[in-house]
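The values are calculated or read from the model by the stated rules, or taken from the named source; none is laboratory data. Since we're looking at a predicted model, the values are computed, not measured. Counting neighbours? That spans all protein chains shown, and the Cβs are built from the backbone with ideal geometry, glycine included. Heavy atoms of the whole protein, side chains included, go into the accessibility calculation; ligands, DNA and RNA do not. Shrake-Rupley method; radii C 1.70, N 1.55, O 1.52, S 1.80 Å.
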Amino acid sequence: AVFSPPGNPGLRLPHSVFAAAMHVSFTCVAPQSVDSLHPRWVERPVNRGSCNCHPPALLPRGHLHSGTGDVLCFVQQDRGKATEAELQKRYGSDDVIFRQCDVTDSKQLEVRVVSPQGPTHVAVRALYHAHPLSAPFKYSSSLRATNVMALQGKGVFLTGGARGIGRGMTEALLSKGCRVLFCDVLVEAGKATEAELQKKYGADNAIFRQCDVTDAEQLKETFQAAVTQFGAVDICVNNAGILHEGMLDKVIDVNVTGLIRGSQLALEHMRRDRGGRGGVIVNVSSIGGLAPFYYFPIYIATKHAIVGYTTSWAKNPRNSEMGVKWRVICPHSVKTDILNLTDDQVVDLTDLRKHIQKLKEDKIMIEASVFAEAFIQMMEDHDNDGVIFDVKTNEGRYRRRQIVDADGVSNPFMCD
Ligand SMILES: NC(=O)C1=CN([C@@H]2O[C@H](COP(=O)(O)OP(=O)(O)OC[C@H]3O[C@@H](n4cnc5c(N)ncnc54)[C@H](O)[C@@H]3O)[C@@H](O)[C@H]2O)C=CC1
Ligand SMILES: CCCCC/C=C\C=C\C(=O)C/C=C\C/C=C\CCCC(=O)O
């Protein structure tokens, strides 16, 4: 069965209740005027053989997955080839393929837009008109059964979002259509971030609240503010963290107690068996939650605690009944203000500075925005229980590495 959207009689979209049973997903997207006028979208129209057909040029780089067999088609040979070369460098030559093809010619479309793996791998029916404004609907479908979490419209509560990794994740979530309430102790930075993000994503979607995660009452009120604002919190990101070896209690209060309280609030709110609508709880640990580093033992202890706490919840056999997924993220080194360390904050600052310098020179240290791309990939891929995400940023490539635990641990680690 097909239907044509109003105002676009030439476009025939599938309209079938059997789509899910056939493992076929259909998407129709109506880009907003600002997005569709984006110069890069005009330059690089790409129809993909996956279920997501947002303008890819507007998506974070990490959005295109490796191994998903995307076929791009475009009428202009030179542009298509350039795009293919760029994407193949990033995702591998088997994963992204360009074919010159005029989508107004149905024969060309059938024959050319088929990957070397055959039509069971990729099937594309794509519509593209030369000017984006003349094509308010774009549509593609895929035979691949994927389990993608749609982030559009999700309500998010995130701590420590005024700057750094938290800000990066906030912006990435907003760019996917989430509505985010982020909190922080830094009021000026929080307000400045809020103003910038509201301009881009709308005043109702990016909201800052001053909140110290070590204050249980404040945290509860702020979480509740997100529930009130968005109707529900679907994603809770406990990201706030500090590194200071001279402040034992504070580091534990922020990194462990604050994070656990945030997780508890989210779990109680999300649990389907108690009237909630489910969700995902993401806790930010560190590579220092998986291995020892002598520069900051207290900090490392707190990050191990986060991994222990989150993976223990992830083991709960009742998670599916509760409808709650648990994720723990373990970044390696990301360029943020946490690096601005003083002598009393670490065990051996001189040595650590050399180490940081080396990580920068070797390009192992990554930007928060790059980290956020991998985070989005993890959030969208709902099939990743028990998977380690290996973020090879030097190659600009994100890939699944190995199954952590055969009995279904729900904790992909994201490591650089
Ligand atoms: N940058 C890196 O290389 C790595 C960072 N991490 C973790 O990532 C998370 C984010 O850190 P970055 O963005 O790098 O540092 P950052 O210092 O730029 O950001 C941390 C944010 O948390 C906020 N915060 C601190 N205490 C708070 C409290 N009591 N209540 C509310 N907000 C509070 C800070 O004001 C700041 O905005 C932290 O948990 C950190 O441990 C983990 C591994 C590596
Ligand atoms: C060298 C460390 C750079 C970053 C220091 C500041 C904050 C780090 C916060 C983290 O959570 C990271 C924790 C541990 C990583 C420490 C060292 C990594 C070096 C590993 C290596 O080079 O093999």
Long-range amide H partners of V280, meaning residues 5 or more apart or on another chain whose placed amide H is closer than 5 Å, are I235, C236, K325
Give the distance, in whole Å, between the Cα centre of segment 325-355 and the Cα centre of segment 161-181. 21
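Cβ neighbours within 10 Å, averaged per peptide: list 188-196, 307-315 in order, most packed at the top.
307-315, 188-196
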Among H304, V347, F293, which residue has its Cα positioned farthest towards the positive end of the charge dipole of segment 289-373, with +1 placed on the Cβ of Lys and Arg, -1 on the Cβ of Asp and Glu, and the dipole taken about the Cα centre? H304
Could you report segment 174-290's accessible area per residue, 1.4 Å probe, as an integer in Å²? 42
Ranked highest first by the average count of other Cβ atoms within 10 Å around their residues, in what order do 257-264, 318-325 fall? 257-264, 318-325
What order do you get for 364-373, 333-342 when each peptide is scored by the mean count of other beta carbon atoms within 10 Å, highest first? 364-373, 333-342
Note down the nm distance, to one decimal, between modelled labels 7 Å out along Cα→Cβ at D102 and at V347. 6.9
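Per residue and in Å³, how big is the convex hull formed by the alpha-carbon atoms of segment 174-265?
Dividing the Cα hull volume of segment 174-265 by its residues yields 94 Å³.
Relative to the present Cα-Cα distance, how much length would full extension add between Q210 and A82 at 0.36 nm per residue of separation?
41.5 nm
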Could I have the simple spin-label model distance between D249 and L186, label points 7 Å from Cα toward Cβ, reported in nm to one decimal? 2.5
Spin-label model distance (nm) - S312 vs A232, 7 Å beyond Cα toward Cβ: 2.8
Looking only at Cα atoms, what is the convex hull volume of segment 231-365 per residue, in Å³? 110
On the protein heavy atoms, probe 1.4 angstrom, tell me the percent of accessible surface of segment 221-301 carried by carbon and sulfur. 56
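Estimate the FRET efficiency between E367 and R277 by the formula 1/(1 + (r/R0)^6), using the beta-carbon distance for r and 41 Å for R0, to the nearest 0.05.
Efficiency at R0 = 41 Å is approximately 0.75.
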